[in-house]
Structure formats: C-alpha cells, structure tokens
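Encoded as structure tokens, the structure appears first; notes follow it.
No value in this document is a laboratory result; all are computed from the given coordinates. All values derive from a computational prediction rather than experimental measurement. Cβ sites come from the backbone with ideal geometry, for glycine too, and all protein chains shown count toward neighbours.
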Amino acid sequence: MIEIVRQDFGSDAANSVARRLVMPAHRAGGQAQFLERPVPAAHQSAVAPLLDKMRTELQKCWTLERMAAECNMSLRTFVRRFTEATGVPPGEWLVNERIEAVKRLLVLRRHTIDEITTAVGMGSADTLRHHFRKRTGVSP
C-alpha cells in the first residue's frame, strides 16, 4: 500500500501515510532509511497545536517561554505536559524535529548545508553537524 502511495503521490505523501500507520516506509537500496517519528497519542491534545505550529516554523526562535505562552500555560505546567505528551523535554523534541527536517532536505539534494541550517533554525552549520552526528551516527 505504501509503495502505491509513493508511486502515485510521491515520497512525502508515502512517509506521511506511513507515519500515521506507524509502519516504516519502503526504501529501495542499501542506504540507511530516515523515517519520520509519530507523535505519541497520550496527553497530546494540550500541546498538539503547538507541535504542528513548531514543525511548520522550525526556523523561528522557540524559547520555553514562547512555547508555554502559545499553550496558555505556566512554564512548569507546560514543560510537564509537553514531556508527558512527547516523551522528551521541549528542547530535545525541537532539536529532534529539526534533525528530521534536515534529513528530508538532504534527501532532496537541492540545498547546501548553510541553506539547510537556516531553513531549520539550527544557528550554525557546526551546530547542525554536531546534532546530526549525535543523533544519527553519520555526518550530514
């Protein structure tokens, strides 16, 4: 089924469907497969709109205070609810999402590392390389 979606609508649509079905998308060849991670369902309703907004605006500066304000919560409550919903603290989640965006952009091979760094809000190419290597075990 996922292969049919990929053929008809492209790899982005297939990855989105695979993420919703919580199954890996097919990737031909021996290259490592980078998959999008699903968001855990438990307790996500309070922060789900924020997660969607942050994914579409990764290049922006997301401080804890801004995230908490977006959810109309105190800082302590926000951090607790966010961690319950995602399984990781907000800063770690944001870096993970930025790395996932880097993976998608690298697969396209249309952008330089500096362009990708700006697009995902990593600050500098060195920071991007550090976090990418730390989370994937390979350099971008």
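Identify all residues within the stretch 45-86 that are in a loop (DSSP other than H, G, I, E, B) and closer than 21 Å to Val120 by Cβ; write none if there are none. Lay out the reasoning, then the answer.
We begin by selecting, within the stretch 45-86, every residue in a loop (DSSP other than H, G, I, E, B); these are 45-47, 57-63, 71-74.
Listed by number, the residues that qualify are Val47, Glu57, Leu58, Gln59, Lys60, Cys61, Trp62, Thr63.
Which ones in the stretch 63-101 are surrounded by 14 or more Cβ atoms within 10 Å (Cβ to Cβ), of a type in the set (Asp, Glu) and under 26 Å from Thr136 (Cβ atoms)?
Glu97, Glu100 - these are the residues of the stretch 63-101 that are surrounded by 14 or more Cβ atoms within 10 Å (Cβ to Cβ), of a type in the set (Asp, Glu) and under 26 Å from Thr136 (Cβ atoms).
Do you know which of the residues in the stretch 109-126 that are assigned to a helix (DSSP H, G or I) and under 16 Å from the mean Cα position of the chain (by Cα) is nearest to Asp52 (Cα to Cα)?
Only one residue fits best here, namely Val120.
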